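The values are calculated or read from the model by the stated rules, or taken from the named source; none is laboratory data. Because the structure is predicted, anything quoted here is derived from the model rather than measured. Please note: Cβ atoms are built from the backbone with ideal geometry, for glycine as well, and neighbour counts cover all protein chains shown. Accessible surface areas use protein heavy atoms only, side chains included; no ligands, DNA or RNA. Shrake-Rupley method; radii C 1.70, N 1.55, O 1.52, S 1.80 Å.
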Amino acid sequence: MNNMTFCLESIIKIDLKSILSRRLQTMVKHLKLSKTIHQARILIMHKHIQVKNQIVNKPSFLVRKDNEILISFSLNYKQYDLNKKLNGNTITK
């Protein structure tokens, strides 16, 4: 059984770093849709990010390699200075 587990791990080659890098939160930051990882999390939870034309609101969503280029802002996202909102300042539209 131990041999089988080792063989399976060597075929799949999944480690913690590769799993964490596939999270939507990390991908949004990596694609420079946000300035910080915290900002990426807020954008995702407020439904401002979509993957393959589907709004995703879970920062832990694992993005498949072929969907990586399909990450974008959702249609309901209004671009304004998110830093002002995070600092508690009022936003003027």
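Some values worked out for this structure:
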{"read-out": "Enumeration of residues in segment 32-49 that are under 15 Å from residue 72 (Cβ atoms), open to solvent by 10 Å² or more (accessible area, probe 1.4 Å) and of a type in the set (A, V, I, L, M, F, W, C)", "value": "33"}
{"read-out": "Some residue of segment 11-31 being farther than 16 Å from residue 67 by Cα, at pLDDT 95 or above, hydrophobic (A, V, I, L, M, F, W, C) and open to solvent by 40 Å² or more (accessible area, probe 1.4 Å)", "value": "no"}
{"read-out": "Pairs with Cβ under 7 Å, 6+ apart, first in segment 51-70 and under 20 Å from residue 17 (Cβ atoms), second open to solvent by 80 Å² or more (accessible area, probe 1.4 Å)", "value": "59/41; 59/45; 67/52"}
